[in-house]
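The values are calculated or read from the model by the stated rules, or taken from the named source; none is laboratory data. Everything quoted here is computed from the prediction, not taken from an experiment. Cβ placement follows ideal geometry from the backbone for every residue including glycine, while neighbour counts extend to all protein chains displayed.
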2 protein chains.
Amino acid sequence: MGEFELIRRYFCPLAEAGSSSAVLLGPGDDCAIQRVEPGRDLVFSVDTLVEGVHFPRHYDPEKLGWRSLAVAASDLAAMGADPVCFTLALTLPAADPHWLHGYARGLANAARSFGLSLAGGDTTRGPLTLSLQVHGTVPRGLAICRSGARVGDYVCVSGTLGDAGAALNYLDSETPGPDEQSVLDRFHHPTPRLSLGVGLRGHASAAVDISDGLVADLTHILEASGVAARIETAHLPLSAALKRIAGANAVSLALNAGDDYELCITISPEAWVGLPEDIRRQLTIIGEVTFGEGLVIERDGHSQAVVAGGYDHFRTES
Amino acid sequence: MGEFELIRRYFCPLAEAGSSSAVLLGPGDDCAIQRVEPGRDLVFSVDTLVEGVHFPRHYDPEKLGWRSLAVAASDLAAMGADPVCFTLALTLPAADPHWLHGYARGLANAARSFGLSLAGGDTTRGPLTLSLQVHGTVPRGLAICRSGARVGDYVCVSGTLGDAGAALNYLDSETPGPDEQSVLDRFHHPTPRLSLGVGLRGHASAAVDISDGLVADLTHILEASGVAARIETAHLPLSAALKRIAGANAVSLALNAGDDYELCITISPEAWVGLPEDIRRQLTIIGEVTFGEGLVIERDGHSQAVVAGGYDHFRTES
């Protein structure tokens, strides 16, 4: 099977998902064409996943299909963007139909679930590497950036934190118990908070998605906004499963482990009160924005100033 | 040096090239933001280059910087798009400052030359792989697609063909003569035909860039348009350097070798007459669009029907 036939067979059905009316021309030409409605701006982000770095070798292709689009779409959620379409740059060592079938199935499920249609891509031979670029739109001026946090804002997070990080211990488990399975689901099947992001548009002052860990990602907001923050570990939202399997380590996982793909936002107390109840219910206030720089973590009555400890692919090089 | 510092140091200056007023938010947030003017559509394309597949191992990083953006921008040229910005998904085995400095310099030269500013990206550790997505815009309805060729149209190509293919024999040459150097320049320093593409908007009926070879890429137009074509090898534009170093093999290189990044277009005889002289001068008529399907090559009075013979990364798998 040639490259073009391979692409057609597995990936062209993905062009049907999402708000395809905005994609005037999908895969198969030199470029794709997207119409951006007047009064809206295009927002876009690219994420690369490398085998052995971002996912284990011989990782289930269907899970990878979901995961690769979910982590990219999570950046749209953090901007408050409405999802539109994506491109897939797929480098793989061989045109293995089993792998392609599984990957395309997982990707198709994610594409339909997130409302993102495949608009184009490139398929090449080489070590397994996936770069997905997601496109969304926001009404002009309403994108939620990292730089808008102001002193006095609440710091909030969505969902629960630390689950995906705890799952790393059980990836090879053949008979996971219900708690282990619960955190494994968070790792294998992350859900970008797209509707929450849209709901926060015009309310949140800043947002970031938690891919590298709460401390690292919140620090991005603080640096971009020129402010500091204080958070209280007692307020961190922890799942019952995480508390049971991680015990005293649960807080550390919630602070530093990545891969949860929840949102961390800042919002003024006035805007918080004005949030629709169904949006507020998805968030937990864990601290507040303060003057200065850096992050202070309050734990059991002790304060600790922290340096960003997120995952940095090249830090070992220095 | 950490990943973020590394990216800032080498790549943030690239955000200054191009029509940066359209990029409202560049690298550093969860997403970039691009404004698409009312009355225009976004066009975009992603291209991946893998070490050892698309360029030799230990290839000069500065040449790679230019080349990686040029091959992506060539797809914008084929659509008749005005260039705006690009994203870079860079996977590299180590944060080697020498490599990064050279790559960023070549990329910056290309970005300035093509009018493309860096809007975002992702840097990860892994086998050397580059995925660049280029963004441009076209006035609504004026993108030049592959599907518009009509019976009776001329088939035209820009520049000269086969030079980059001939260069493959001299990549390791330590003392290339002037002809060898001339074709090596075509390989190392391809120039996307961006202004030609814009000039063809509203005139050409179909276009493709020649990345895989004339026969393969023209066949894409024929299949997408549901037509056939006849071309005459005596009309193929060959450089004097190619004729001297390739001799009788020059025509075959012009037909089948890739990497030239010229444009192949179709255009009606009426539109051809209406082309501005400076646009027409960049093109050579090599044949015509006919009824049916497939491509017929006329050579020395003989006709040959051909099957697409372009490079297909996965064909050996079948």
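Could you grab the pairs with beta carbons closer than 9 Å, sequence gap of 6+ or different chains, first residue in segment A:82-94 and more than 9 Å from every other protein chain (Cβ to nearest Cβ), second one β-branched (Val, Ile, Thr) and outside any strand (DSSP E or B)?
A:Asp82/A:Val198; A:Val84/A:Val36
A:Cys264 versus (1) without any contact (Cβ under 8 Å) to a residue 24 or more places away in the chain; (2) within 25 Å of A:Val71 (Cα to Cα): which is the lone unmet condition?
That leaves (1) as the condition not met.
What is the number of the single condition among (1) modelled with pLDDT of 95 or more; (2) more than 30 Å from B:Gly39 (Cα to Cα); (3) of a type in the set (A, V, I, L, M, F, W, C) that B:Ile144 does not meet?
Result: B:Ile144 fails condition (2) only.
So, A:Arg193, is that one among the basic types (Lys, Arg), under 25 Å from A:Leu64 (Cβ atoms) and either within 14 Å of chain B (Cβ to nearest Cβ) or touching a Leu at 6+ places or on another chain (Cβ under 8 Å) (or both) or not?
Against the criterion (among the basic types (Lys, Arg), under 25 Å from A:Leu64 (Cβ atoms) and either within 14 Å of chain B (Cβ to nearest Cβ) or touching a Leu at 6+ places or on another chain (Cβ under 8 Å) (or both)), A:Arg193 qualifies.
So that you can scan it fast, the table gives a plain yes or no per residue for (1) in contact with a helix residue (DSSP H, G or I) (Cβ under 8 Å, 6 or more places away or on another chain); (2) surrounded by fewer than 17 Cβ atoms within 10 Å (Cβ to Cβ); (3) in the same structural domain as B:His188 (by TED's automatic domain parsing); (4) within 22 Å of B:Ala73 (Cα to Cα):
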position	(1), (2), (3), (4)
B:Leu222	no, no, yes, no
B:Asn256	yes, no, yes, yes
B:Ser268	no, no, yes, no
B:Gln282	yes, no, yes, yes
B:Gly292	no, yes, yes, no
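What are the pairs, 6+ residues apart or on separate chains, where a residue within segment B:178-192 that is outside the structural domain of B:Phe55 (by TED's automatic domain parsing) and without any contact (Cβ under 8 Å) to a residue 12 or more places away in the chain has its Cβ under 7 Å from a residue that is in a helix (DSSP H, G or I) and surrounded by 19 or more Cβ atoms within 10 Å (Cβ to Cβ)?
none
Identify the residue in segment B:136-146 that is within 18 Å of the chain's Cα centre (by Cα) and more than 8 Å from chain A (Cβ to nearest Cβ) and, among all such residues, is surrounded by the fewest Cβ atoms within 10 Å (Cβ to Cβ).
If we take residues in segment B:136-146 being within 18 Å of the chain's Cα centre (by Cα) and more than 8 Å from chain A (Cβ to nearest Cβ), then B:Thr137 is surrounded by the fewest Cβ atoms within 10 Å (Cβ to Cβ).
Return the residue satisfying two criteria in turn: it lies in segment A:122-133 and is in contact with a Phe, Trp or Tyr (Cβ under 7 Å, 6 or more places away or on another chain) and facing chain B (nearest Cβ under 8 Å), and of such residues it is modelled with the lowest pLDDT.
Checked segment A:122-133; the qualifying residue modelled with the lowest pLDDT is A:Arg125.
Conditions: (1) in contact with a Leu (Cβ under 9 Å, 6 or more places away or on another chain); (2) assigned to a helix (DSSP H, G or I). B:His101 meets all but one. Number of the miss?
(1)
If only one of A:Phe44, A:Phe114 is modelled with pLDDT of 95 or more, over 30 Å from B:Thr219 (Cα atoms) and more than 11 Å from chain B (Cβ to nearest Cβ), which one is it?
Answer to the selection: A:Phe114.
Would you confirm, using the coordinates I've provided, whether A:Ala224 is assigned to a helix (DSSP H, G or I) and within 20 Å of the chain's Cα centre (by Cα)?
It is true that A:Ala224 is assigned to a helix (DSSP H, G or I) and within 20 Å of the chain's Cα centre (by Cα).
Is there any pair linking a residue in segment B:271-287 that is of a type in the set (A, V, I, L, M, F, W, C) to one that is in a helix (DSSP H, G or I), with Cβ under 7 Å and at least six apart or on different chains, and which?
Partner pairs satisfying both residue conditions: B:Ile279/B:Leu196; B:Ile279/B:Gly199; B:Ile279/B:Leu200; B:Ile285/B:His235; B:Ile286/B:His235.
Name the one entry in B:Ala246, B:Ala164, B:Ala216 that is touching a residue at least 24 places away in the same chain (Cβ under 8 Å), more than 18 Å from B:Ser74 (Cα to Cα) and in a helix (DSSP H, G or I).
Exactly one of B:Ala246, B:Ala164, B:Ala216 is touching a residue at least 24 places away in the same chain (Cβ under 8 Å), more than 18 Å from B:Ser74 (Cα to Cα) and in a helix (DSSP H, G or I), namely B:Ala246.
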